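Below is one structure, written out as structure tokens; comments come after it.
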Amino acid sequence: MEQNQSYNVKFFSGEEIPLELHKVRIVQKLNLIPIEERLKAAVEGGFNTFLLTTKTVYLDMLTDSGTNAMSDNQVASMLRADDAYAGSQSYARLEEAIKEVFNCKYYLPVHQGRAAENIISKVFIKPGDVVPMNYHFTTTKAHIELNGGTIFEIYTDEALKVKSQHPFKGNLDIAKLNDIIKKYGASRVAYIRLEASTNLIGGQPFSIANMREVRKVANEHGIIIVLDASLIGENAYFIKQREAEFKNKSIKEILHEMIGLADLTYFSSRKVSSTRGGGICTNNLQLHNRMRDLIPLFEGFYTYGGMSIREVEAMAVGLAETLDDTVISQSPSFIRFMVNELDKLGVPVVTPAGGLGVHIDAGTFLSHVPQSQYPAGALAAAFFIVSGVRGMERGTISSVRDANGNDVLADIELLRLAMPRRVFTLSQVKYAIDRLHWLYRNRELVGGLKFYEEPPVLRFFGGKLEPTSPWPEKLVAKFRADFGDSL
Ligand SMILES: *Cc1c(COP(=O)(O)O)cnc(C)c1O
């Protein structure tokens, strides 16, 4: 199905592996500590990978947020930053980059993606409103609900299938969209939200064909479309790879097409361009003006929006680099390599490979662990213990309890292993594959988890858990039996 990018080279041996089109000039030392110490670290961190200190982590695959490698040009740009509170030339350069990359006339800066969600939700959501979307993102849902809105996830039947060949699992189901508009009335639909490279279902893209259909429905009912563009570069890359009409289009043309189909576009620059920050952009002056006054109130003055001016410069350069195929294809090629290798080894992994990272199907991997004992969380903890690789639970722990205090079981239990851009080498990726393979062969040793400290909101960030039986010790003993004194 997928075209071969220039980024993948064929070797004389017949192997096909992704090749790095960059070189490493600044390095950061990593620690690979013995498994016994990692177990101690896991216990101290309440079996929650968010609560680990990086001193104990070998490969940090927690997130791609703010962890992508910066380019030499980004670092260089930070030196010429024009540190003015208002009217900075650095900001003018960022506005230019937004025009060029997103083809948007009006831009509002914010300190990160969720800050954009705060502003959009405050302005466009009234209590009782509904927001249909392809899938939620944790902070998006929280902001919509905080403002009295309700979300509806109207993904297609393919979206939650772990094993699939569908190129666009992030598509919105048009029939379900029409049903919601009919049921609630267009005036109660605050906006339709489309998330590029749908994060929580495995970094899966939507197609432009689908977006055009959404546009048609939106036009019929006078509803606006909000595009979450935090992972838009990867979505554009997949459109080029998988949607025939766009095979010969540039990433820039594809981005312009996508953004042109939305009324408002917001993004986290932590993902898009390797710096902190973000923004909301539009070509609709009326919509822009409705949000504008909130920027100095919540973020900072109009020309920095809570970002440091150095970040503003690096963001401008990073955005422009998003248009470069060799930059944007790096992470998807490494992800595809890892997904294919794991699939060959029989490790249950979400297919087809998406953007953002590799998503392990923890429900299948640990089918003996009941969902009430958080298989994705248990797998994240077990994988850290046996490898030092830190992933992120994306399952029931990432959800919340209902009004009666019962767990709302997640649609799918995933362990997400993020692949920040240009950060890891192939041997590191191979190490992660190897340890995951070993863990899969020894999966029956892994048990469940239960909370002993549980915050009421976004509990996955700060919650602490403990194993339901002494399984971690058994896992360590088996590791030592198989690997001797190897790290
Ligand atoms: C990360 C992310 C956000 C939030 O951005 P932050 O900069 O982390 O606040 C919103 N939407 C999606 C799809 C994301 O991946």
Original post:
For the range 72-323, rounded, prolate or oblate, judged on the Cα gyration tensor with a ≥ b ≥ c (square roots of eigenvalues), a/c < 1.5 rounded, else prolate if a/b > b/c?
Top reply: oblate
**OP:** For the chain, give the share of DSSP beta bridges that are antiparallel, in percent and rounded to the nearest 5; count only bridges with both residues there.
**Re:** 65 percent
Original post:
Could you list log10 I(q)/I(0) for the range 155-233 at q = 0.16 Å⁻¹, which the Debye formula gives when each Cα is one point scatterer?
Top reply: -0.59
Subject >> Net length gained if the chain between K126 and E454 were fully extended (0.36 nm per residue, minus Cα distance) >> reply: 115.1 nm
Original post:
Between K23 and L79, what is the FRET efficiency for a Förster distance of 25 Å, r being their Cβ-Cβ separation, to the nearest 0.05?
Top reply: 0.75
**OP:** Give, in nm to one decimal, the length gained when the segment between T326 and H368 is fully stretched (0.36 nm per residue of separation minus the Cα-Cα distance).
**Re:** 10.9 nm
Subject >> Computed label-point distance, nm, for sites A244 and E15 using a 7 Å Cα→Cβ extension >> reply: 3.6 nm
Subject >> Rough spin-label spacing in nm, given labels placed 7 Å along Cα→Cβ, for R480 and I174 >> reply: 6.1 nm
Original post:
Along the Cα-to-C-beta direction of Q89, a point sits 7 Å from the Cα; which residues of the range 289-328 have their amide N less than 14 Å from that point?
Top reply: 313
**OP:** Please go through the residue pairs K105/K252; K40/K474; K344/K430; K126/K176 and name each one whose alpha carbons sit more than 18 Å apart in this structure.
**Re:** K126/K176
**OP:** Provide the FRET efficiency to the nearest 0.05 for the R441-L146 pair, computing r from the beta carbons and using R0 = 56 Å.
**Re:** 0.80
**OP:** For every other residue with a beta carbon closer than 13 angstrom to the beta carbon of D83, add +1 if it is Lys or Arg and -1 if Asp or Glu, then tell me the sum.
**Re:** -1
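Since every read-out is calculated from the coordinates, none of them should be taken as a lab result. None of the values given here were measured: they were computed from a predicted structure. For neighbour counting, all protein chains shown are included, and Cβ atoms are generated from backbone atoms with ideal geometry for every residue, glycine included.
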